[in-house]
Amino acid sequence: QIDRLRHKVLIAPYGHEGVKFKEIKTRREDGLRLTHVGQIYGNRTFSELIEGLSYLKKEDPATYAALEVRQVGFVCDAERSRVENSPVADRFEFIPTVPYEESIEEMYASDCLLVIDPKFDKPEKNVYIPGKLFDYLSTGRPILCIAEEDSATGESAKKFGCIRTDPNGKAVAKCLMELSKNIKNYDSSKYNLAHCKVGVEKLDHMLAAL
């Protein structure tokens with residue numbers, strides 16, 4: 001499906017100049033603040049993240065204790081119950097839906113931004129890329145994608161140099177351990193190609209050619 005549709009897709013650079021921040025929340029000096037901005041419901045689930053955190057709690061308690069997961073936006077009752085009834089509920093903080101400008105502030109306040117690909121019964125249905133990915137890219141923060149390698153999100157993660165892990169608990173736990181150790185050395189300058197200040201002239205030519 002992705003191969004068949006790829007020629008129809010144009011990814012335009014995007015940024016959020018013009019947003020006037022009231023206050024940029026402080027990032028953590030120690031540990032890891034992992035933030036997901038967007039809705040969690042239906043096929044987009046916390047299940048693999050919960051499983052990964054459960055492994056992390058057993059294998060590396062110190063890293064687990066220093067990790068914070070912030071969910072910004074709507075969460076359905078089923079997913080909220082999944083978190084609250086899990087052994088890792090103490091790592092989660094739920095932030096209600098906020099205006100767009102505040103959601104950008106939350107992104108900047110994160111050590112790493114989280115993309116969770118929706119789960120489908122058939123892999124070929126994973127042809128969707130979360131729109132939030134392009135807001136994420138413009139912040140320059142590291143991005144962790146929990147997604148299959150051959151999904152549209154997985155391919156985008158590779159293209160933009162994001163961190164990607166398979167959607168299973170052990171893989172997520174291993175990724176979180178490595179991320180916690182190396183987060184201060186992460187180079188996100190590669191995301192410049194997704195910023196609206198870069199490549200605008202090229203975008204103009206592409207749009208004019210459509």
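Details
- What the phi angles of the stretch 61-67 give under the Karplus curve with 6.51, -1.76 and 1.60, with θ = phi - 60°, is a coupling list of x, 5, 5, 4, 5, 9, 9 Hz, glycine and proline written as x.
- Val115 long-range amide H proximity, modeled H, under 5 Å: Leu144, Cys145, Ile146
- Estimated at the nearest 10 Å², the accessible area of Arg33 is 30 Å² with a 1.4 Å probe.
- The dipole here belongs to the stretch 43-146: it is taken about the Cα centre, uses +1 on the Cβ of Lys and Arg and -1 on the Cβ of Asp and Glu, and is about 300 debye.
- The calculated FRET efficiency for Ala78 paired with Phe120, based on their beta-carbon distance and R0 = 22 Å, is about 0.80.
- Extension gain from Ile95 to Lys158, taking 0.36 nm per residue of separation minus the Cα-Cα distance: 19.7 nm
- Space enclosed by the convex hull of the alpha-carbon atoms of the stretch 50-130, per residue, Å³: 128 Å³
The values are calculated or read from the model by the stated rules, or taken from the named source; none is laboratory data. As the structure is a computational prediction, the values presented were derived from the model and not from experiment. Methodologically, a virtual Cβ is constructed for each residue, glycine included, from the backbone with ideal geometry; neighbour enumeration extends over all protein chains shown. Side chains are part of the model used for accessible areas, which takes the heavy atoms of the whole protein and leaves out ligands, DNA and RNA. Shrake-Rupley method; radii C 1.70, N 1.55, O 1.52, S 1.80 Å.
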